[in-house]
Amino acid sequence: MTSTAPQPAATAAFAAADLGATSGRVILGHLGPGRLDLAELHRFANRPVRLPGGLHWDLLGLYGEVLAGLRRAARAGGAASVGIDSWAVDYGLLDADGHLLGLPHHYRDPRTAGIAERERDAVGARELYQVNGVQHLPFNTVFQLAAARGSAALGAARALLLVPDLLAYWLTGTLGAETTNASTTGLLDARTGTWATGLAERFGVDPALLPPLREPGSPAGTLLPHVAAATGLPASTPVTTVASHDTASAVAAVPATGPGFAYISCGTWSLAGLELDAPVLTEASRAANFTNERGIDGTVRYLRNIMGMWLLEECRRVWAGRGLPAELPRLLDEAARARPFAAVFDPDTPGLLAPDDMPAAIAAACARTGQRPPDGQAALVRAVLESLALAHRRVLRQAAELAGRDITRVHLVGGGSRNDLLCQLTADATGLPVAAGPAEATALGNILVQARAHGLVGDLAGMRRLVADTQPLRHFTPQGDPRAWDAAESRLTAS
């Protein structure tokens, strides 16, 4: 008997809502044999709001912007599917009627100060890492929940949804927790990929708050009637679960065509590491503060968070407020001509997480290691980029040692891949060739997972090969004397 089952279209369009920590966009990707084209339909700022209760995300405003982008997708011919990714760790709470209990807190809100260390020590740092394998960061979801313990909102909550899962719920009315993002909470078992309910209970978190887990590529539902009416998309349009942690989507789109690669997903943060088949849960890994987060197809993203281009963007914000030049091309051109290694600092210095005056905070970080602070804007930009390159080198070397892997090349993706000076400095610092791009790796990964769910692309290797074949890349080879980087590194521990 001849099958009458519908066959996947040769080409199709997929809408990716890609929300970063400072901006968001809705991108339409057209995918077919040997074809992967992106069209940015809608870009918008993501500005947090400070309320009496702290720093929050304007999630209602972001949801409205996503709907605006989907309206443009409908006008552009529609989409076979919609996928949502965003930053990690932050969450919303729903009551028994499915209503949101207040705006989600921003991870830079200081409410977890001191609490994270107290809670970690109460459970035991080694024991905690053996279960969740997650890098210790003060804003991990589990510590945010500890800070909210006893609050009216948490007491009334019946479900906890991370940001992309919450937006998917508003689009479809269905509850779920996508695994790559769930792995950042500190509440997922790194070995089994299931909720660590015993650990949750030890932190005072009711496991009933944690929704059923979803894997990338699984259906999340179809558009609710009022969403279809608001966007112009058919109510039958599916929302596909993608790798909803933006870094997981970016890593899925790394254009690697063989083994031996490391990745740096560089935007507000630099996420530098390796893709592994199993987590590394050794004491040395915990002491080095590496995280084991899930990728697609059961892979592990073994990496460390590094404060990324946030450092430079905050400097530009402060300079613009003072009436100083803040145009990025001009600053980068002047930084390229500035004296090398005038000053370097550790990008992960705690005082750089959310200072009011980033240039002053960087100057203080340099002074604490006995260095003269950068003199002028060009010198400071150079210091930021050299310090990031040093951090990339340090983290990738540690990752290779801890995982027992050799690295032959680096793929730098995300917005930072547009910064030629940073890419060259990273090649120089690591002593490895760097392939830069694609800049929109997160949206590409989002779209590729949707396309795979619709039968238009094959396995992870096939997804990456399509990116390598269709997206423009730039290549940087190491230059200069590597001993200069060794000397710069040694200054970070000077007294």
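A compact table of results
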| read-out | value |
| --- | --- |
| So Leu402, is it hydrophobic (A, V, I, L, M, F, W, C), assigned to a loop (DSSP other than H, G, I, E, B), more than 27 Å from Ser23 (Cβ to Cβ) and touching a residue at least 12 places away in the same chain (Cβ under 8 Å) | no |
| Boolean, Leu103 is outside any helix (DSSP H, G or I), closer than 20 Å to Glu201 by Cβ, touching a residue at least 12 places away in the same chain (Cβ under 8 Å) and in contact with a Leu (Cβ under 7 Å, 6 or more places away or on another chain) | no |
| Selected residue (only one of Leu60, Leu67, Leu38 is in contact (Cβ under 8 Å) with a residue 24 or more places away in the chain, out of contact with any Ser or Thr (no Cβ under 9 Å at 6 or more places or on another chain) and either farther than 30 Å from Phe203 by Cβ or in a loop (DSSP other than H, G, I, E, B) (or both)) | Leu38 |
| Which listed residue is modelled with pLDDT of 95 or more and surrounded by 20 or more Cβ atoms within 10 Å (Cβ to Cβ), from Ala74, Ala17 | Ala17 |
| Residue match in the range 331-348 (condition: in contact with a Cys (Cβ under 7 Å, 6 or more places away or on another chain) and of a type in the set (Phe, Trp, Tyr)) | yes |
| Meets criteria (on the phi < 0 side of the Ramachandran plot and crowded, with 20+ Cβ neighbours inside 10 Å) for Pro255 | yes |
| Residue, nearest to Tyr302 (Cα to Cα), within the range 114-137, restricted to residues that are of a type in the set (A, V, I, L, M, F, W, C) and surrounded by 14 or more Cβ atoms within 10 Å (Cβ to Cβ) | Val134 |
| Residue count, the range 331-364 (criterion: over 15 Å from Glu313 (Cβ atoms), over 25 Å from the mean Cα position of the chain (by Cα) and in a helix (DSSP H, G or I)) | 7 |
| Residue satisfying condition, being without any contact (Cβ under 8 Å) to a residue 60 or more places away in the chain, over 27 Å from Arg465 (Cα atoms), outside any loop (DSSP other than H, G, I, E, B) and of a type in the set (A, V, I, L, M, F, W, C), within set Ala116, Ala74 | Ala116 |
| Residue list for the range 405-431, filter: under 15 Å from Leu473 (Cβ atoms) and not in a helix (DSSP H, G or I) | Arg409, Val410, His411, Leu412, Val413, Gly414, Asn419 |
| Within the range 235-261, tally of residues that are more than 11 Å from Val413 (Cβ to Cβ), aliphatic (A, V, I, L, M) and assigned to a loop (DSSP other than H, G, I, E, B) | 3 |
| Pairs with Cβ under 7 Å, 6+ apart, first in the range 246-261 and closer than 15 Å to Asp277 by Cα and free of Cβ contacts under 8 Å to residues at least 24 places away in the same chain, second surrounded by fewer than 24 Cβ atoms within 10 Å (Cβ to Cβ) and not charged (D, E, K, R) | none |
| In the range 420-439, the residues that are crowded, with 23+ Cβ neighbours inside 10 Å and under 18 Å from Leu312 (Cβ atoms) | Leu422, Cys423, Leu425, Thr426, Ala429, Ala436 |
| Selection count, the range 262-297, where residues are more than 13 Å from Ala250 (Cβ to Cβ), outside any loop (DSSP other than H, G, I, E, B) and not hydrophobic (A, V, I, L, M, F, W, C) | 7 |
| Residues of the range 251-285 classified as within 19 Å of the chain's Cα centre (by Cα), at pLDDT below 95 and of a type outside the set (Gly, Ala, Ser), total | 2 |
| Members of the range 140-156 that are crowded, with 23+ Cβ neighbours inside 10 Å and either outside any helix (DSSP H, G or I) or without any contact (Cβ under 8 Å) to a residue 12 or more places away in the chain (or both) | Asn140 |
| Failed item in (1) acidic (Asp, Glu); (2) farther than 23 Å from Arg452 by Cβ; (3) surrounded by 15 or more Cβ atoms within 10 Å (Cβ to Cβ), with Asp246 passing the rest | (2) |
| Number of positions in the range 50-62 that are touching a Leu at 6+ places or on another chain (Cβ under 9 Å), closer than 11 Å to Pro104 by Cβ and surrounded by fewer than 17 Cβ atoms within 10 Å (Cβ to Cβ) | 1 |
| Test: Thr470 is loosely packed, with under 14 Cβ neighbours inside 10 Å, modelled with pLDDT of 95 or more and of a type in the set (Ser, Thr, Tyr) | no |
| Output for the range 80-133, where each listed residue is farther than 29 Å from Arg286 by Cα, touching a helix residue (DSSP H, G or I) at 6+ places or on another chain (Cβ under 6 Å) and of a type in the set (Gly, Ala, Ser) | Ser81, Gly83, Gly102 |
| Filter result (within 25 Å of Arg47 (Cβ to Cβ) and surrounded by 15 or more Cβ atoms within 10 Å (Cβ to Cβ)) within the range 329-347 | Leu331, Leu332, Pro347 |
| Restricting the range 439-467 to residues that are under 24 Å from Pro238 (Cα atoms) and part of a loop (DSSP other than H, G, I, E, B), the residue that is modelled with the lowest pLDDT | Gly458 |
| In the range 474-485, residue nearest to Phe341 (Cα to Cα) [restricted to those that are touching a residue at least 12 places away in the same chain (Cβ under 8 Å) and surrounded by fewer than 15 Cβ atoms within 10 Å (Cβ to Cβ)] | Ala484 |
| Complete set of residues in the range 223-234 that are touching a Leu at 6+ places or on another chain (Cβ under 7 Å) and assigned to a helix (DSSP H, G or I) | Val227, Ala230, Thr231 |
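The values are calculated or read from the model by the stated rules, or taken from the named source; none is laboratory data. None of the values given here were measured: they were computed from a predicted structure. Note that each Cβ is placed from the backbone with ideal geometry, even for glycine, and that neighbours are counted across all protein chains shown.
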